Amino acid sequence: MKVKIIISLFFLILATILNGQTGSISGSITDANGSPLVGANILIEGTIIGTVSDKNGMFELSGLKSGTYILEASMVGYKKNISDPIIISGNNIILNITLTEKILQYDQVVISAGKHKQNLSELPVSTSVINSNRISKKNIVKIDEILRYTPGVNVALDQVSIRGSSGFSRGAGTRVLMTLDGLPLSTGDTGELVWEMIPVTDVERIEVIKGSSSALYGSAAIGGVVNIISKNITSKPITLVKSYFGVYDNPAHDEWKWNNSYRTFNGITASHSNTFGDFGISLSLTRTEDLSYKRNNDLKRYSGFLKSTYKINDFSKLSFIAAGYSHDRGNFNFWKNSRQALEPPDLDLGARVKSDRIISGLIYESIISKVFSYNVKLSLYNNYWKEILGSENSSRSELYRAEVQTNFSVSDNLLIIGGLESSISQVSSTIFGSPDANTFGLYAQAENKFTKKLTLTAGLRFDYSKINQLDAVNSFSPKLGANYKINEKTILRAFAGTGFRAPTLAETYTSTNASGLIIRPNLELDPENNYTLEAGIIHLFFDKINFDAAIFHSEYFDLVEPTLTSDGDSRFIQFRNVTRARIQGIDISTGFELESIGTSFKFSYSYLWARDIENKIALKYRPRNTIYAEAEYTLGSFNLGTDVRYLSKVEEVDRELIENDFVIDGDKRVDVFVIDLHAGFSFFNFNIPANLNLNIYNLLNYNYVEVIGNISPIRNISLNLELLF
Amino acid sequence: MYLKLLVISVIIFSACGKGIEPEPEKTEVGFSGTITFIGEWDENITSTNIVLFKNEIKSAADFDFINIKYASEVIPFGAKSYSYNTSKNQPVLNSIEAGDFAYLAVAQTTETEIQLVRSAWVVAGVYNSESDSSEFGKLTIPEGEFLSDINIVCDFNNPPPQPPGGK
């Protein structure tokens with residue numbers, strides 16, 4: 001050991017003498033079979049210097065000043081590789097790195113749970129990670145689609161609920177926060193999440209934090225967080241072209257046919273990534289078209305994504321991110337009736353929505369020393385939408401946001417994170433009026449490794465929120481978490497936290513007449529609050545089988561729900577604090593790989609008991625039982641997989657809309673049971689950088705609804721091709 | 001082996017049914033008749049419609065989309081007689097199902113912009129069952145039946161009693 005230190009010191013002194021010269025580290029990244037890995041991340045420890053491997057699995061880090069470097073190579077689904085110290089003194093080092101697939105998935109690095117890098121196995125709270133490979137194989141075109149296959153997550157149309165936090169409120173207020181590289185993506189008016197904002201080809205992974213996360217993320221994270229991590233920019237030019245074409249099958253019932261031709265969908269994405277000296281850029285453009293299996297539900301969208309980085313020096317970096325789209329889609333709310341289930345009521349024919357949305361953000365990251373670093377995030381979300389025919393509503397909003405976060409490593413065992421964030425939202429709308437909203441948050445978190453086995457986390461956040469001239473609301477959200485590693489195979493975790501959600505402008509100010517329903521503002525809305533308790537265990541059976549189980553309990557106060565009410569003169573819908581709710585449940589997930597026969601299997605089960613405890617009924621749109629299973633088989637360049645999704649029939653829905661004949665036959669709902677198949681072939685082993693995937697969604701053409709009167713996608717088949725240049 | 005398993009699984013799952021199915025076809029229900037107008041039309045009238053209410057109009061709140069099950073197309077201004085048929089004309093709203101309906105009337109408004117507010121409308125005529133005069137305004141449509149001769153007389157010189165919530 002001493003000899004190593006002396007040798008290292010010798011080279012360090014030598015490196016100092018030779019300071020001024022630059023060198024490079026380059027090489028290849030392959031998997032255990034020797035196949036090149038595209039898109040693996042390579043980072044120099046303690047700096048912001050990094051790159052990703054190109055289409056041949058090659059990488060290069062150039063312009064390195066003389067010194068000693070430690071290289072981290074990582075990729076989702078593979079064990080992280082940390083190199084021995086590498087000494088650069090004007091020379092070029094060539095490294096061939098092999099990444100082996102993880103057996104224990106919990107070794108994966110995540111950054112969302114504690115706002116810093118942590119292993120999944122070190123977290124006190126349940127977290128799932130979805131990698132880009134999975135998105136690509138399944139020809140996922142919208143991020144909420146892949147969340148449907150995530151344990152503990154339920155999606156109703158495009159509204160995501162984590163562990164039963166949300167029902168369905170047509171996007172007006174969400175209890176899940178979505179972020180892109182840490183930049184919140186809730187709109188300034190409705191606070192809704194627009195999943196189309198991020199092209200899936202630019203996603204490296206998605207981290208899903210389950211349970212109240214307000215102690216770090218504030219309002220809207222009351223049910224959890226979905227953080228989308230974008231791909232890193234490559235050091236060498238890579239161009240990706242991905243296109244897909246699909247067709248919907250005929251409906252299962254002849255009565256549902258409303259068109260004699262097959263309905264198709266297609267899309268094409270072209271993206272390019274490259275680095276020029278200290279400047280890196282990645283740009284992608286996407287065109288999407290879907291004729292839809294439902295009448296008046298067609299869609300045409302153009303979207304773009306830009307990420308650029310500028311390396312100021314080895315310890316600081318500036319990134320600019322912009323994502324946006326323009327789309328025109330039919331507005332299908334409910335079916336006409338169950339005999340014309342794929343057609344809207346006559347009054348809604350021709351109703352459309354046009355939207356233009358763009359978020360742009362600036363992120364500055366700086367490592368001041370080994371113990372202190374900080375980052376600054378600024379963003380602006382421009383949002384415009386307009387309804388054509390229908391209610392003719394339109395809304396324009398700008399959401400300005402700023403956050404400063406500091407990371408202070410007090411010692412090897414104690415990390416303190418602190419930050420403050422603020423936002424200003426300005427709205428001009430026919431439906432919400434022209435209110436402004438301001439928020440301010442201040443947070444701190446301490447994470448202490450008391451022993452090699454025990455890590456405790458404590459955090460507290462203060463939030464202040466004010467809408468227009470209404471009284472300001474504020475809240476303190478504390479949290480406590482523990483992670484205890486019994487041994488290498490068994491880890492326990494526990495979490496207690498509180499959540500807070502200020503009413504959105506939409507919930508407070510909506511004033512419209514939609515499909516005959518009058519919606520009125522409610523200036524008396526109070527914020528929602530909750531607290532969550534969770535305990536979980538991770539265990540590795542027989543060195544092969546991952547097992548994760550969690551039990552959770554949440555109490556919600558002043559839950560805001562759209563409510564049909566009357567003032568004597570007229571009946572109307574208004575958002576009200578109506579519900580005191582209790583949500584309890586368990587999540588179990590397991591998986592294993594049989595590498596010898598190229599097979600992997602994953603299974604998860606969630607039980608959810610979500611009750612309105614004042615009215616003693618189930619909360620709307622929360623399935624009690626959810627099962628998700630996945631099997632994958634790989635043989636050389638060929639892969640075959642299937643996904644099975646089961647959700648028990650939801651007990652409660654928007655009963656008022658059914659009883660008052662707004663949704664004819666609206667009570668028709670069933671268990672959800674969907675089987676998907678996908679098969680793919682990789683041409684990489686034939687020196688052709690291309691992948692071809694075939695997908696069959698809803699193989700059995702099973703008909704179900706996630707929201708009353710709205711049939712989910714019928715069987716469809718699609719082919720997608722990815723080409724790298 | 002795996003292929004066999006897959007095939008067996010698909011066969012098993014195929015037996016689970018197709019999920020939501022359409023309701024069996026129902027014979028169309030509805031009604032038709034003639035509206036007769038007596039007297040001079042108020043020249044300020046902008047819209048005249050036949051309107052069917054599910055429940056009794058007890059307050060202005062009952063004059064809304066939830067309670068209205070049928071609203072006809074606009075009856076031409078100045079008409080002396082107008083024949084209608086709920087299945088043939090182009091109604092503003094039609095969600096008629098078999099059952100009892102508390103009130104069938106002809107309503108008129110002078111507003112330039114159509115509003116679903118009780119105070120904006122005046123009742124010009126009400127359906128009156130010839131067989132039972134106590135069933136003022138009430139209409140019963142049996143399952144699977146299409147009623148005819150649901151006639152209404154609008155006497156502008158002798159308007160019917162107005163339900164609550166009007167001007």
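The values are calculated or read from the model by the stated rules, or taken from the named source; none is laboratory data. From a predicted model like this one, the values you see are computed outputs, not experimental measurements. Every residue, glycine as well, gets a Cβ built from its backbone with ideal geometry; the counts of neighbours run over all protein chains shown.
Note on segment A:195-231: among residues that are hydrophobic (A, V, I, L, M, F, W, C) and in a strand (DSSP E or B), the one that is farthest from A:I586 (Cα to Cα) is A:V203.
Residues in segment A:223-282 that are of a type in the set (G, A, S) and within 14 Å of chain B (Cβ to nearest Cβ): A:A252 alone. In summary, A:I551 fulfils each of the numbered conditions (1) at pLDDT 90 or above; (2) surrounded by 16 or more Cβ atoms within 10 Å (Cβ to Cβ) with the single exception of condition (2).
If the condition is being out of contact with any Ser or Thr (no Cβ under 7 Å at 6 or more places or on another chain), of a type outside the set (D, E) and free of Cβ contacts under 8 Å to residues at least 12 places away in the same chain, then segment A:546-583 contributes A:T565, A:S566. Selection of segment A:77-93 for residues being in a strand (DSSP E or B) and free of Cβ contacts under 8 Å to residues at least 24 places away in the same chain yields only A:N81.
Taken over segment A:49-100, the criterion of being β-branched (V, I, T) and more than 22 Å from A:F683 (Cα to Cα) is satisfied by A:I49, A:T51, A:T68, A:I70, A:I82, A:I86, A:I87, A:I88, A:I93, A:I94. Scanning segment A:167-185 for residues that are within 16 Å of the chain's Cα centre (by Cα) and at pLDDT below 85 gives a single hit, A:T174. Considering segment A:444-467, and only residues there that are in contact with a helix residue (DSSP H, G or I) (Cβ under 8 Å, 6 or more places away or on another chain) and not hydroxyl-bearing (S, T, Y), the residue that is surrounded by the most Cβ atoms within 10 Å (Cβ to Cβ) turns out to be A:R461. Within segment A:336-372, track down each residue that is out of contact with any Pro (no Cβ under 7 Å at 6 or more places or on another chain), in contact (Cβ under 8 Å) with a residue 40 or more places away in the chain, of a type in the set (A, V, I, L, M, F, W, C) and not in a strand (DSSP E or B). Those that are out of contact with any Pro (no Cβ under 7 Å at 6 or more places or on another chain), in contact (Cβ under 8 Å) with a residue 40 or more places away in the chain, of a type in the set (A, V, I, L, M, F, W, C) and not in a strand (DSSP E or B): A:L347, A:L349, A:A351, A:I368. For segment A:622-675, filtering for residues that are part of a strand (DSSP E or B), more than 9 Å from every other protein chain (Cβ to nearest Cβ), touching a Gly at 6+ places or on another chain (Cβ under 9 Å) and under 21 Å from A:R148 (Cα atoms) leaves 5. Among the residues of segment A:575-604, the ones that are over 28 Å from the mean Cα position of the chain (by Cα) and acidic (D, E) come to 1 in all.
Each row is one residue, and each column tells you yes or no for (1) under 30 Å from A:G666 (Cα atoms); (2) surrounded by fewer than 19 Cβ atoms within 10 Å (Cβ to Cβ); (3) away from chain B (no Cβ under 14 Å).
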{"site": "A:Y310", "(1), (2), (3)": "no, yes, yes"}
{"site": "A:S316", "(1), (2), (3)": "no, yes, yes"}
{"site": "A:I321", "(1), (2), (3)": "no, no, yes"}
{"site": "A:Y325", "(1), (2), (3)": "no, no, yes"}
{"site": "A:R329", "(1), (2), (3)": "yes, yes, yes"}
{"site": "A:L347", "(1), (2), (3)": "yes, yes, no"}
{"site": "A:G350", "(1), (2), (3)": "yes, yes, yes"}
{"site": "A:I358", "(1), (2), (3)": "no, yes, yes"}
{"site": "A:G361", "(1), (2), (3)": "no, no, yes"}
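When A:I70 is tested against (1) surrounded by fewer than 21 Cβ atoms within 10 Å (Cβ to Cβ); (2) closer than 23 Å to A:D543 by Cα; (3) hydrophobic (A, V, I, L, M, F, W, C), just one condition goes unmet, and that condition is (2). The strands (runs of 3 or more DSSP E) found wholly in segment A:471-555 and carrying at least 2 residues that are of a type in the set (V, I, T) and within 14 Å of chain B (Cβ to nearest Cβ) occupy A:517-520.
How many of the residues making up segment A:699-725 are in a strand (DSSP E or B) and either touching a helix residue (DSSP H, G or I) at 6+ places or on another chain (Cβ under 6 Å) or of a type in the set (G, A, S) (or both)? Selection size over segment A:699-725: 1.
Of the residues making up segment A:176-190, just one is closer than 26 Å to A:T406 by Cβ, of a type in the set (S, T, Y) and buried (at least 24 other Cβ atoms within 10 Å of the Cβ), namely A:S186. Return yes when B:I96 is β-branched (V, I, T), farther than 27 Å from B:G39 by Cβ and within 11 Å of the chain's Cα centre (by Cα) and no when it is not. Yes, satisfied.
For segment B:20-33, which residues satisfy the criterion of being under 18 Å from A:D661 (Cβ atoms), touching a residue at least 40 places away in the same chain (Cβ under 8 Å) and within 14 Å of chain A (Cβ to nearest Cβ)? Correct list: B:K26, B:E28, B:V29. Give me the pairs, please: first residue somewhere in segment B:154-167 and touching a residue at least 40 places away in the same chain (Cβ under 8 Å), second residue anywhere and of a type in the set (D, E) and surrounded by 10 or more Cβ atoms within 10 Å (Cβ to Cβ), beta-carbon distance under 9 Å, and either six or more positions apart or on two chains. Close Cβ pairs satisfying both conditions: B:F156/B:D42; B:P163/B:E56; B:P163/B:D62; B:P164/B:D62; B:G165/A:D569; B:G165/B:D62. Can we say A:L71 is farther than 24 Å from A:S319 by Cβ, out of contact with any helix residue (DSSP H, G or I) (no Cβ under 7 Å at 6 or more places or on another chain) and not assigned by TED's automatic domain parsing to the domain that holds A:S230? For A:L71, the condition - farther than 24 Å from A:S319 by Cβ, out of contact with any helix residue (DSSP H, G or I) (no Cβ under 7 Å at 6 or more places or on another chain) and not assigned by TED's automatic domain parsing to the domain that holds A:S230 - is not met. For segment A:422-436: of the residues being surrounded by fewer than 23 Cβ atoms within 10 Å (Cβ to Cβ) and assigned to a strand (DSSP E or B), which is modelled with the lowest pLDDT? Within segment A:422-436, the match that is modelled with the lowest pLDDT is A:G433. Can you spot a residue in segment A:44-59 that is closer than 30 Å to A:I491 by Cα, buried (at least 20 other Cβ atoms within 10 Å of the Cβ) and touching a residue at least 24 places away in the same chain (Cβ under 8 Å)? The answer is yes; a qualifying residue exists.
This table checks each residue for (1) more than 14 Å from chain A (Cβ to nearest Cβ); (2) outside any loop (DSSP other than H, G, I, E, B); (3) closer than 30 Å to A:R669 by Cβ.
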position: B:I35; (1), (2), (3): yes, yes, no
position: B:E40; (1), (2), (3): yes, no, no
position: B:E43; (1), (2), (3): yes, no, no
position: B:I50; (1), (2), (3): yes, yes, no
position: B:I66; (1), (2), (3): no, no, yes
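If you go through segment A:661-698 and pick out every residue that is buried (at least 18 other Cβ atoms within 10 Å of the Cβ), out of contact with any Lys or Arg (no Cβ under 9 Å at 6 or more places or on another chain) and touching a residue at least 60 places away in the same chain (Cβ under 8 Å), you end up with 3. Here is the figure for segment A:89-134: residues that are closer than 30 Å to A:L692 by Cβ and modelled with pLDDT of 80 or more total 9.
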